[in-house]
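Presented below is the structure to which this report refers.
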Amino acid sequence: ARFERMIGNYPAGRQKGALIPMLLYAQDETGQITDELVDEVSKRLSVTRVEIEEVLGYYTMLHREKRGSHHLQVCTNVSCMLRGGEELWEHACGKLGIGNRQTTADGSISLEEVECIGACSWAPAVLVDYDFHFNQTPDKLDELIDSLRPKQ
């Protein structure tokens, strides 16, 4: 039903515009883009699998591999780099015990180094799911990560 509403937001002949919103929505629901999802979207939008695979290969926010319950993105682009983004990235890797595009063993957090999240004025910044966290420090990041872990 959600796919049908998304497709309905586009005029006839331009419904391929729903491709990325559909992929993002499904990824949020399932944690990854599966072959079955690609087939379903291909059928609904009358696009080829190859066209969808090209989109998946281009947009780094779309993932074929399973993501964690929370997806933590750390910006290391110029503004964030100049204000400690690379150190923040290394700190996140150490705290979580994982690297780029990996997920913690308990499946709670996946981690990704990103080039830009559009928050240069508040660098260094991280994004958790769709929530921005600005002016991060290692201590603030520790608190944030701890808040994402399952409660014991």
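The values are calculated or read from the model by the stated rules, or taken from the named source; none is laboratory data. Owing to the predicted nature of the structure, the values given are computational and were not obtained by experimental measurement. A quick note on method: Cβ atoms are made from the backbone with ideal geometry, for glycine too, and the neighbour counts reach across all protein chains shown. Only protein heavy atoms, including side chains, enter the accessible area calculation; ligands, DNA and RNA are left aside. Shrake-Rupley method; radii C 1.70, N 1.55, O 1.52, S 1.80 Å.
Each of Leu144, Thr30, Gly94 was placed along the dipole of the chain (beta-carbon charges, centred on the mean Cα), and the one lying farthest toward the positive end is Thr30. How many percent of DSSP beta bridges within the chain run antiparallel, rounded to 5? Counting only bridges with both partners in the chain, antiparallel ones make up about 55 percent. Backbone N atoms of the stretch 86-128 closer than 13 Å to the 7 Å Cα→Cβ label point of Ser147 belong to residues 126-128. I need to check one value: relative contact order of the chain, counting alpha carbon pairs closer than 8 Å and at least 6 residues apart, in percent. Averaging sequence separation for qualifying contacts and normalising by length gives 19 percent for the chain. When every Cα-Cα distance of the stretch 1-127 is counted in 5 angstrom steps from zero, the calculated P(r) takes the values 2, 11, 18, 17, 16, 14, 11, 8, 4, 1 percent.
Each Lys or Arg adds one and each Asp or Glu takes one away; over the other residues whose Cβ falls under 12 Å from the Cβ of Thr48, this sums to -1. With one equal scatterer per alpha carbon and no solvent term, the Debye-computed log10 I(q)/I(0) for the stretch 100-152 at 0.17, 0.22, 0.28 1/Å reads -0.58, -0.93, -1.30. Summed over all non-identical Cα pairs, the Kirkwood treatment of the stretch 7-67 gives a radius of 11.6 Å. Separation of the stretch 88-142 from the stretch 26-49 is 27 Å, based on Cα centroids. Among the cysteines of the chain, those whose beta-carbon sits 4.7 Å or more from every other cysteine beta-carbon are Cys93, Cys116, Cys120.
Calculate for the chain the 222 nm mean residue ellipticity that helices alone would give, adding -39,500 (n - 2.57) per DSSP H run of length 4 or more and normalising by residue count, nearest 500 deg cm²/dmol.
Using -39500 (n - 2.57) per qualifying helix, the result is -13000 deg cm²/dmol.
For Glu65 and Cys93, the difference between the fully extended length at 0.36 nm per residue and the C-alpha to C-alpha distance is 8.2 nm.
Which value, in Å², gives the accessible area per residue of the stretch 17-67 when a 1.4 Å probe is used on the protein heavy atoms?
I get 53 Å² per residue for the stretch 17-67.
Along the Cα-to-Cβ line of Gln32, 7 Å from the Cα, sits a label point; which residues in the stretch 56-90 have backbone N less than 12 Å from it? Counting only backbone N, you get 63-68. Rounded, prolate or oblate: which one fits the stretch 41-101, using the alpha carbon gyration tensor with axes a ≥ b ≥ c (rounded when a/c is under 1.5, else prolate when a/b beats b/c, else oblate)? Judged from the Cα gyration tensor, the stretch 41-101 comes out prolate (a/c at least 1.5, a/b above b/c). Of Tyr58, Tyr10, the residue with the largest accessible area leads and the full order is Tyr58, Tyr10 (1.4 Å probe). Taking the accessible area of the chain, probe 1.4 Å, and keeping the other protein chains in place, the carbon and sulfur fraction comes to 50%. Its Cα centre serving as origin, the chain has a Cβ charge dipole (Lys and Arg +1, Asp and Glu -1) of approximately 480 debye.
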